[in-house]
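Nothing in this text is a laboratory measurement; each read-out follows from the coordinates by a stated rule. This structure is a prediction, so every number in the text was calculated from the model and none was measured. Glycine also receives a Cβ, built like all others from the backbone with ideal geometry; neighbour counts cover every protein chain displayed.
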Amino acid sequence: MVIFAEFSGSNFGVTLKNSEEADKILAKAVNFKRISKDECIKLLKFACPSELFYTANYIREKLFGNKTTFSVNRHINYSNICENRCLFCAFRKEDGSKEAKRLTIESILNDIEKMRDLPNLEIHITGGLDSQFSLKDALNLVKGIKEIKGDAIIKAFTMVEIDFFSRTSGISDFDVIKKLKEAGVSAFPGGGAEIFSEEIRKRISPRKIDGQRWLALSKTAHKLGVPSNATMLYGIGETEEEIADHLDRLRTLQDETKGFMSFIPLLFQKENTPLHTLKELSLIKQLKIYAVSRIFLDNIGHIKNHWVMSGLKSAELSQWCGVDDLEGTVVEERIGHEGGAKTPIGMTKDEIVRLIKSAGRIPVERDGLYRKTKKGDGKTVPEHKGKGE
Ligand code: V47
């Protein structure tokens, strides 16, 4: 351990003393003892990457062995018109402009029709806060999909959209969530969390609901029996303290509800945004985020790599740094690509399987609720949902 500390001292700008302290924290984590927010900050600042990755991988393998899960899914973005004008978002377009795109429910259902025979399909739906897309439209869309493809797992509408539906319909968020669940929504995607730091939100997304509201809505969803995911937008000039604070607020809520299925760090894609001058994070720093998340979030089942934003190299390597799940086939990604993502807009199931195998892991297909698939490759998906279970 000390050898690593000396090595890291010269290569990563950390002092031996601090690295020794990080070693102690990692020793705690290896023994499945919860680490504090302060210790999380220390790991982010001072841990030797190699030891950090080793520890995260140890925990990941204790939970999931050599398996990495993925789903066959389809991302649908119903509108890129949005009343929030977040500085990090290249997806949003001005209503009436050439690039503005509002899909009709009919056109989405036509697309779903073509996927009628796809087994284990997860449908991921999100969009901008568009005054032309109401709660009624959301419900009709979900019911329409269910009529065509009753076996699909619909993961639709972030906490930000739920807040919007509640405001625009005059219906309580509790009832909005209840109606969406009754219509056929099985889970909520993790978008819109950004980073909870009030300071950063004021700067990059001043119109968006704050972190407290995002968490309160997630809590309501979980209480109503609808699980969700959680994301963190990073690479936007956040500090280690702000990352640890974000993770800590998620872990605290998860202790109470156990409703988060996975945590997904989202690497900022800066092109076509006013934040394009921000410096890119090194791959090592990106991998550290996955590793620290795996170590700190001892009660959230899965750590997912959204390969669209992170890139395929990260998707491969991160499977040895705490990640046990990759985003699915996606088919037509828009949000990251408007921001300059260089990855494909979708991958075939074979390509994802190859990506997982190239990392030396065993690919296992799952459904949108992290359950074993009926016609997958026959392997059992790990059911672990975290220590809090
Ligand atoms: O809410 C927007 C973020 C989210 C950019 O729950 C950006 O399974 C990086 O939440 N660079 C949408 N990030 C994506 C998302 C997601 C993706 C895959 C799976 C799941 C899941 C959720 O992307 C937005 C926002 O937080 N975002 N613009 C950008 N330029």
Are any of the residues in segment 320-340 away from the ligand (no atom under 13 Å from the Cβ), surrounded by 24 or more Cβ atoms within 10 Å (Cβ to Cβ) and more than 13 Å from the chain's Cα centre (by Cα)?
-> yes
Quick one: in segment 42-74, which of the residues that are among the basic types (Lys, Arg) and surrounded by fewer than 19 Cβ atoms within 10 Å (Cβ to Cβ) is farthest from Asp367 (Cα to Cα)?
-> Lys45
When both residues are 6+ apart or on different chains and their Cβ atoms are under 8 Å apart, which pairs have a first residue that lies in segment 58-86 and is free of Cβ contacts under 8 Å to residues at least 40 places away in the same chain, and a second that is among the basic types (Lys, Arg)?
-> none
When Ile162 is evaluated against the numbered criteria (1) touching a Leu at 6+ places or on another chain (Cβ under 6 Å); (2) surrounded by fewer than 16 Cβ atoms within 10 Å (Cβ to Cβ), which criterion, by number, is the only one it fails?
-> (2)
Within segment 291-319, work out how many residues are buried (at least 24 other Cβ atoms within 10 Å of the Cβ) and either of a type in the set (Ser, Thr, Tyr) or assigned to a helix (DSSP H, G or I) (or both).
-> 13
Of the residues in segment 232-249, those that are under 15 Å from the mean Cα position of the chain (by Cα) and within 13 Å of the ligand (Cβ to nearest atom) number 5
Hey, Arg116 touching a Cys at 6+ places or on another chain (Cβ under 7 Å) and part of a loop (DSSP other than H, G, I, E, B) or not | no
From (1) in a loop (DSSP other than H, G, I, E, B); (2) touching a His at 6+ places or on another chain (Cβ under 8 Å); (3) of a type in the set (Gly, Ala, Ser), pick out the condition that doesn't hold for Ser262.
-> (1)
Are any of the residues in segment 258-265 more than 21 Å from Asp298 (Cα to Cα) and within 16 Å of the ligand (Cβ to nearest atom)?
-> no
Among the residues of segment 58-82 satisfying the criterion of being touching a Lys or Arg at 6+ places or on another chain (Cβ under 8 Å) and assigned to a helix (DSSP H, G or I), which is farthest from Asp151 (Cα to Cα)?
-> Ile59
